[in-house]
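See below for the structure under consideration.
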Amino acid sequence: MITYPKSFFTLFLAAVLSQSLKAQAPHNTLINNPYQNIDRYLYQKEYRFHTGVKPYLSHQTDTIVSRDTLYPLNSDNKFARWVFKKHFIDFEKNDVKLTIDPIINFELARDNDYDDYSWINTRGANVTISLGKQIAVGTLFTENQSIFNDFRTLQIQQLTQRVIPGQGIAKPYDDNPNGYDYYFSEAYVSYSPSKYFTFQLGSGKNFFGDGYRSLILSDNSFNYPYVKITTDFWRIKYVNLWAQFQHLRGRLPDIAANTKKWGAFQYLSYNVTSWLNISLFESVIWQDRDSLGYRGFDFQYANPVIYLRPVEWSVGSPDNMMVGAAGKITLFKNTALYGQIAFDEFKIDELRNQTGWYANKWAIQAGIKTFDIFRIKHLDFQTEINLARPFMYSHTFPVNNYAHYNQPLAHPLGANFAESVTILRYNFNRFFIEIKNIYARHGSDTAGLNYGNDLFLPYSTYAQEYNNRFFQAKEKILKHVEVTVSYLINPAYNLNLYAGYLLRNHGDVDNPTKQQMILFGLRTSIFNHYWDY
């Protein structure tokens, strides 16, 4: 077995960054809010766009719709264009372009269950440099201090164990038990030698699917180093992704002792017709060290042409394999049905007999997106359901689970849940309103027994082999309603003023904790921060 040093990604990334400072970002930052108002165009049948692969490549989306088209500014005043339209620093000469934008989030919030305010203080910068349409380098970093006198502290302490969801490990701040000090960074190098291939090396996140959630790979967890090859030809987009993850559970705060693991992913998206997309997915997770010693990156999973399952079988692998499929049906002009299904393990006989066998592990999603609903321009509606069986995404060896930095790589609720997500969005010029409603029921392991909710327990320690069902053990409920009103100041880096109201019930079915929170602030919306679980 061929391996290479664990620091390969870090050294290679640093070397490329030092040699390739010549780029405009060819892909957009992952974002799931109304300011990326391009989906209404990408989902139109005539473009046959592969909407299930994110981040989108901007040199592909720009041929369909541009930011200037979405948010025009009818002013020749230089100061007004700098404030409301242009990048903070924008330099262009010949084929070289440099942009520098601030990253900020100054938020103040109040939860009715706490005596003190919550706040976030984020400062940082986003830098992109481009040379023509082929080479791109981007990097961003933020420094953050937060005090969460609200439900977010409970999530950090109980669910992610001092990891800020999606943003990394926090240090204590200001001797406050609810105070956190943390850093966040991201970087990539991208090379597109032709319209058929894009090669990327970086540290960041990826997302497969058309939904608000993804059951196969989402941007829920923290950044990770990755290499990605994207191939576009005919009606096909084929993504090969290799990444390095960390298993932190039970090892904080000693980062040096954390257990590394690796992942290989393949996503094949095929536009069968202008209205039908079918996609296939496969992944494998393996630990950096096993009982035989150091293993490192397994080059048997490096072949970008073949699917992974035959390789895994051929080497008698104990690795964590998952397969799945996704699809999209575009109806009329403004409506799309979408879905996903994923299998971690299963036996046909056990499925057919409905025995509730613990290792029948599957997840499914079904949803609909529609734009300009009721023929009201810019009134958009989305709703989806997500289900995951007990023990889904877990493994005999916890290091091999489908997680990174104490968070699931797919759905933030992990396993053993059913959830509905409904979102209504409306915008007029640069004013936006978003109403989000989430309802979920999930089981919680109890009495020290493993009923399939905790991804970080080996599923071989199951409490019962048969008769496993949704929400088993201690059933809990989540009702999360969020209303946000915002004004987009500058679409070049999504600078916006916002105010919001949040109503949340979570806990035991008979006696959930009820919370209300109001918040407002000024931010640049270039990340997805999920607190709605």
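The values are calculated or read from the model by the stated rules, or taken from the named source; none is laboratory data. None of the values given here were measured: they were computed from a predicted structure. So basically every Cβ, Gly included, is an ideal-geometry build from the backbone, and we count neighbours across all protein chains shown. Calculation scope for accessible area: heavy atoms of the full protein, side chains included, ligands and nucleic acids excluded. Shrake-Rupley method; radii C 1.70, N 1.55, O 1.52, S 1.80 Å.
Tabulated values for the structure
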item	result
Per-region count, the range 263-277, residues touching a Leu at 6+ places or on another chain (Cβ under 9 Å) and aliphatic (A, V, I, L, M)	2
Matching helices (runs of 4 or more DSSP H) fully within the range 56-114 where at least 1 residues are farther than 22 Å from Tyr191 by Cα and open to solvent by 60 Å² or more (accessible area, probe 1.4 Å)	67-70, 78-84
In the range 339-383, residue surrounded by the most Cβ atoms within 10 Å (Cβ to Cβ) [restricted to those that are of a type in the set (Gly, Ala, Ser) and in a strand (DSSP E or B)]	Ala342
In the range 384-405, residue farthest from Met322 (Cα to Cα) [restricted to those that are in a loop (DSSP other than H, G, I, E, B) and open to solvent by less than 10 Å² (accessible area, probe 1.4 Å)]	Pro390
Pair list, Cβ < 6 Å and 6+ apart or interchain, from the range 318-338 residues that are touching a residue at least 12 places away in the same chain (Cβ under 8 Å) and open to solvent by less than 20 Å² (accessible area, probe 1.4 Å) to residues that are polar (S, T, N, Q) and outside any strand (DSSP E or B)	Asn320/Asn400
Long-range neighbours under 8 Å by Cβ, at least six apart or interchain, first residue at pLDDT 85 or above within the range 299-311, second in a loop (DSSP other than H, G, I, E, B) and buried (at least 16 other Cβ atoms within 10 Å of the Cβ)	Tyr301/Leu308
The range 220-240 - residue that is farther than 18 Å from Pro193 by Cβ, touching a Leu at 6+ places or on another chain (Cβ under 8 Å) and buried (at least 21 other Cβ atoms within 10 Å of the Cβ) and, of those, modelled with the highest pLDDT	Tyr226
Condition broken by Thr370, with the remaining ones in (1) in contact with an Asp or Glu (Cβ under 9 Å, 6 or more places away or on another chain); (2) more than 21 Å from Glu282 (Cβ to Cβ); (3) modelled with pLDDT under 95 satisfied	(3)
Unmet criterion (only one of (1) under 27 Å from the mean Cα position of the chain (by Cα); (2) closer than 27 Å to Tyr498 by Cβ; (3) among the hydrophobic types (A, V, I, L, M, F, W, C)) for Val137	(2)
Count - residues of the range 115-127 that are modelled with pLDDT under 95 and either among the basic types (Lys, Arg) or under 24 Å from Gly168 (Cβ atoms) (or both)	0
Subset tally (residues that are under 28 Å from Ala415 (Cα atoms) and not in a strand (DSSP E or B)) for the range 190-249	18
When residues of the range 430-445 are limited to those that are in contact with a strand residue (DSSP E or B) (Cβ under 7 Å, 6 or more places away or on another chain) and without any contact (Cβ under 8 Å) to a residue 40 or more places away in the chain, the one surrounded by the most Cβ atoms within 10 Å (Cβ to Cβ)	His442
Leading residue by the ranking (farthest from the chain's Cα centre (by Cα)) among those in the range 416-429 that are open to solvent by 10 Å² or more (accessible area, probe 1.4 Å) and modelled with pLDDT of 95 or more	Tyr426
The range 141-187, subset assigned to a strand (DSSP E or B) and hydrophobic (A, V, I, L, M, F, W, C), residue most open to solvent (accessible area, probe 1.4 Å)	Phe141
